[in-house]
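The values are calculated or read from the model by the stated rules, or taken from the named source; none is laboratory data. Keep in mind that this is a model prediction, so the values were computed, not measured. We place every Cβ from the backbone using ideal geometry, glycine too, and count neighbours over all the protein chains shown. With ligands, DNA and RNA removed, areas are computed over all heavy atoms of the protein, side chains included. Shrake-Rupley method; radii C 1.70, N 1.55, O 1.52, S 1.80 Å.
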Amino acid sequence: MTKKEGEGLMDEEQFNVIRQNKRQEAILNTTHAVIITIDKKGSVDIFNQAASLLFGYSTEEVKGRNIKMLMPEPFRGEHDQFLRNYLSTGVRKIINLERKVLGLKKDGTIFPMNLRVKEIDVGGVYEFVGFVEDLSERDGAKKALKQSEQLYLSVVEDQDNLICRYTPDFTLVFVNKAFCKGLNKDRDELIGCSLLDLNSKDVADWLINEHRNITIDSPVKTHESQTSDGSWEEWSTRGIFYEGTLIEYQGVGRDTTERKQSEIKILESYQIAENANKAKSQFLSNMSHELRTPLNSIIGFSELLVSDEIDVLTEDQLESVEYINKAGEHLLSLINDILDLSVIESGDFKLNLEVIDLLTICREASSFINPVAEKYGINVSFNLDFKDYYVYADHKIVKQIILNLLTNAIKYNKQDGTVEFYIEQHKNDYYLAVKDTGYGISRENIQGLFTPFNRLGLESSAIEGTGIGLSLCKNMVEKLNGKIGVESEVDIGSTFWFTLPISTDVQHSQLDELTEAPGYNVEIAPAKVIKILYIEDNKANMNLMRRVIKKLETGILLEATTADEGFSLIENREPDLILLDINLPDMNGFDAFVAIKKRFPSMEDVPIIALTASAMKEDYEKGISFGFFDYLTKPFNIENLITIINKALHKNEDTSC
C-alpha cells in the first residue's frame, strides 16, 4: 500500500468516525431523556440538549469540567471520593444503582432528581453514563397532596358530622373522630374494614343497591333512617370520580333526631288541629241540620200565614207572625254566617273562578236589595258609568260581598238616608264602593271592624246583626286577591270599598239595564196536573209542603216517608218531579237518587231536587255534581222553591218535546 493510499484510507475512517459521532449526537439531542457521560476522573464528555435545558448550562460550559459542578453540598464534596473508592475497590454505592439525589442548576436552584449510573467499556476505556429524571413536579405534587390531606383532615377531623371515605368495594380508608365515636370503635379497628360488615345484612344489601344509583351525572344521594336506638340520622353519599372512573365514596352523616322529633310533633299537632277542625265541622253540620229542621217549619208556616188570602190574619196576628218570621230569618242568617266563616277559616273554601260581568251581579243585587231598602225607607242608587266591568272571580261570592255591604249600609243608616253604589277603575283593579249617610264609625272602632262577632257596642240595639258579615267579606275579598277597607266620618257616613283584579279575557257584549226582580207570585208553567213526589220523614216538613203545593192550582203532592215508599209511588204514579230529603230513615238520599235512576227508566229525565238540612258547602257541591237538578237547604224560601220547581218543569217539558 502506498503512502497516499494509506492516507486516503485513514481519511475515510476518520470521516466515518465523525459521521458516527454526529449521528450519535443527533440521537442524544433528539431524546427527551437527560443523558450525561463522564470519564473515570469525573470530567463531562457528553451533555445532551435535554441536560442543557434542565441544568441551564450549554454543552460548551460543561464539557471537560468535573460533574460535581452540577451537585450541591454535601454531594459535591463526596463525589470524587465515591468515584475513587469504586475504581479501587469495585464496591458500588452509586454505579449501576438508582437513587434520589439533589441537582444544582446554573441559576443556583437546587432540585430533586432521580439518578441512575451505568458503567460502559468503550474500546478498553471505561466511562460512566448518567440518566437523570427531574422529580420537581412529582415531588411538588406529592407535597401538594400531603398538604391537601392535612387540610382535609384539619377540616373534617373535629366536625360533629360523621365522615368517612371508602373504596368502591366499601373498604374504609378514612374515618373522623365523630364517626369513631358514633360506632364506638377506634380508628385502627375501622380503617381497612368493610362498611358492609358494620351493618346488618338487610342494610348492607340496601347500601349496595343504593350505591349503584350513584353515577358521574348523579353523584350525590341522600337518605334518612332511624337507628336501632331510636335516633335518626341523615346521610349524604358522594361518588368521587377521576377521568370518568369512580375512585372513592365519601359519606357524611348527621344526627337529625331533634329535628325529626320536632317534625313529628308538628305533624301530631297538625293532626290534632285537623281532627279538631273536622270535629268542629261535624258539630257545625249537625247543629245546622238540627236547627234548620225546626226553622223550616217556623219560617215556612209563618210565610204561609202571612200570604194566606183566604184566612186573612188580623193586624195583631199579622204583626206577631211577622215577628216570628223575622226571628227565624235572623237565626237562619246567623247559622249561615257561622258556617261560611267556619269553611273559610278551615281552608276548605273553594272558589268557582270565571270571567264575570259586575253589571250582571249589580242587576241581581239591585232586585234583591230594593225591597229591603223600601222596608227601611232608604233610597239606594247604582251609579255605573261603563258598560263592561269584567273580573276573574266567583259570581256567587262577589254577589254575597256586595249584598252584605249594601245590607249593612241600609240597616245602619239614618231615617230617609241614602246609599250609593259605584264602581271606578283604578289601574289594574275595579274599585267597588258602598257609600251611606249613616252615623259613621270612629277611628278607634274601625280597627276592630272586620273582627268576627264585633258589633261595635250595638249588641243591645234594635238593629239586628251577627257581627260576622264584615269578617266574611274581608276573608272572601282576600281569597279573590282583592283588598277591602272603609273610610268613615262620625255623623256623616261611611264608604265601604273593595277591589277586584280586572280581567281582559272577555268578549264585549251589550248588557241589559238594571231591572227589578220578578214578583213572588209564580205559577206552575204547564196547564196539566203536575204530580210532585216528596220523600220526607219529618211530619212538620211534610205538612208545610202540603200547604205550599196547595197554593199551586195544578199541582198535587204524592207523599212518602221512606225511600222504599217513594219507590212504590214512582212505580205506580210516575211523578213529574221528585223532592228528595237526603237524611232518610231507610236509605241515604244519594243512594235513593241512584236507585231511582237505575230502577225506573221512565224517571231518566224527571228532575230530582234535593231538599235537606245538610247545608255544608261540600254537601251542596256533592249534590250538584251528583246530578240533582238543584240542592236546596232548609229552611227554604217558598217563593224560591216555587221558582225552581217551575224551572225544573220547564226543563222537563222542553226535554220531552
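General observations
- Residue list for the stretch 610-640, restricted to those being assigned to a loop (DSSP other than H, G, I, E, B) and either more than 24 Å from ASN325 (Cβ to Cβ) or not aromatic (Phe, Trp, Tyr) (or both): ALA613, SER614, ALA615, MET616, GLY627, PHE628, PHE629, LYS634, PRO635, ASN637
- Residues that are over 34 Å from the mean Cα position of the chain (by Cα) and either part of a helix (DSSP H, G or I) or modelled with pLDDT of 80 or more (or both) do not occur anywhere in the stretch 462-479.
- Residue in the stretch 168-186 that is surrounded by 14 or more Cβ atoms within 10 Å (Cβ to Cβ) and at positive phi present: yes
- Scanning the stretch 353-389 for residues that are at pLDDT below 85, in a strand (DSSP E or B) and of a type in the set (Phe, Trp, Tyr) turns up nothing.
- Sole exception among (1) farther than 14 Å from LEU577 by Cα; (2) surrounded by fewer than 21 Cβ atoms within 10 Å (Cβ to Cβ); (3) not β-branched (Val, Ile, Thr) for SER614, by number: (2)
- In the stretch 389-406, the residues that are surrounded by fewer than 21 Cβ atoms within 10 Å (Cβ to Cβ) and under 14 Å from ALA373 (Cβ atoms): LEU403
- Filtering the stretch 210-225 to residues that are open to solvent by 50 Å² or more (accessible area, probe 1.4 Å) and either in a loop (DSSP other than H, G, I, E, B) or free of Cβ contacts under 8 Å to residues at least 12 places away in the same chain (or both) leaves ARG212, ASN213, THR215, ILE216, ASP217.
- Within the stretch 276-298, not a single residue is of a type in the set (A, V, I, L, M), out of contact with any helix residue (DSSP H, G or I) (no Cβ under 7 Å at 6 or more places or on another chain) and modelled with pLDDT of 75 or more.
- The stretch 539-581, residues that are among the hydroxyl-bearing types (Ser, Thr, Tyr) and loosely packed, with under 15 Cβ neighbours inside 10 Å: THR554, SER568
- Subset of the stretch 241-254 that is assigned to a strand (DSSP E or B) and free of Cβ contacts under 8 Å to residues at least 60 places away in the same chain - its residue that is surrounded by the most Cβ atoms within 10 Å (Cβ to Cβ): PHE241
- Only listed residue being open to solvent by 30 Å² or more (accessible area, probe 1.4 Å), within 18 Å of ASN646 (Cβ to Cβ) and within 50 Å of the chain's Cα centre (by Cα), chosen from ASP605, ASP591: ASP605
- Within the option set ASP416, ASP429, being open to solvent by less than 60 Å² (accessible area, probe 1.4 Å) and acidic (Asp, Glu) holds for one residue only, ASP429.
- Yes/no for LEU313 being under 24 Å from ASN640 (Cα atoms), modelled with pLDDT of 75 or more and open to solvent by 40 Å² or more (accessible area, probe 1.4 Å): yes
- Cross-chain or 6+ apart pairs with Cβ under 7 Å, the stretch 576-597 first and in contact (Cβ under 8 Å) with a residue 12 or more places away in the chain and under 17 Å from THR561 (Cβ atoms), then assigned to a loop (DSSP other than H, G, I, E, B) and among the acidic types (Asp, Glu): ASP581/GLU536; ASP581/ASP537; LEU584/ASP537; PRO585/ASP537; GLY589/ASP581
- Subset of the stretch 56-70 [more than 16 Å from VAL129 (Cβ to Cβ) and either among the aliphatic types (A, V, I, L, M) or out of contact with any Gly (no Cβ under 6 Å at 6 or more places or on another chain) (or both)]: GLY56, TYR57, SER58, GLU60, GLU61, GLY64, ARG65, LYS68, MET69
- Qualifying position, being farther than 18 Å from ARG165 by Cα and at pLDDT 85 or above, among ASP217, ASP197, ASP229: ASP217
- Of all residues in the stretch 480-492 being open to solvent by 70 Å² or more (accessible area, probe 1.4 Å) and over 35 Å from the mean Cα position of the chain (by Cα), the one that is nearest to ASP436 (Cα to Cα): ILE492
- Inter-residue pairs, beta-carbon under 7 Å, first of a type in the set (S, T, N, Q) and in the stretch 49-73, second open to solvent by 50 Å² or more (accessible area, probe 1.4 Å), 6+ apart: GLN49/ASN29
- Here LYS622, LYS598 are screened, and the one residue that is open to solvent by 30 Å² or more (accessible area, probe 1.4 Å), of a type in the set (Lys, Arg), out of contact with any Lys or Arg (no Cβ under 9 Å at 6 or more places or on another chain) and modelled with pLDDT of 90 or more is LYS598.
- In summary, GLU60 fulfils each of the numbered conditions (1) at pLDDT 90 or above; (2) open to solvent by less than 60 Å² (accessible area, probe 1.4 Å) with the single exception of condition (2).
- Test: residue in the stretch 395-411 that is farther than 19 Å from GLU478 by Cα and part of a loop (DSSP other than H, G, I, E, B): no
- Residues that are at pLDDT 90 or above, assigned to a helix (DSSP H, G or I) and open to solvent by less than 50 Å² (accessible area, probe 1.4 Å) occur in the stretch 70-87; there is at least one.
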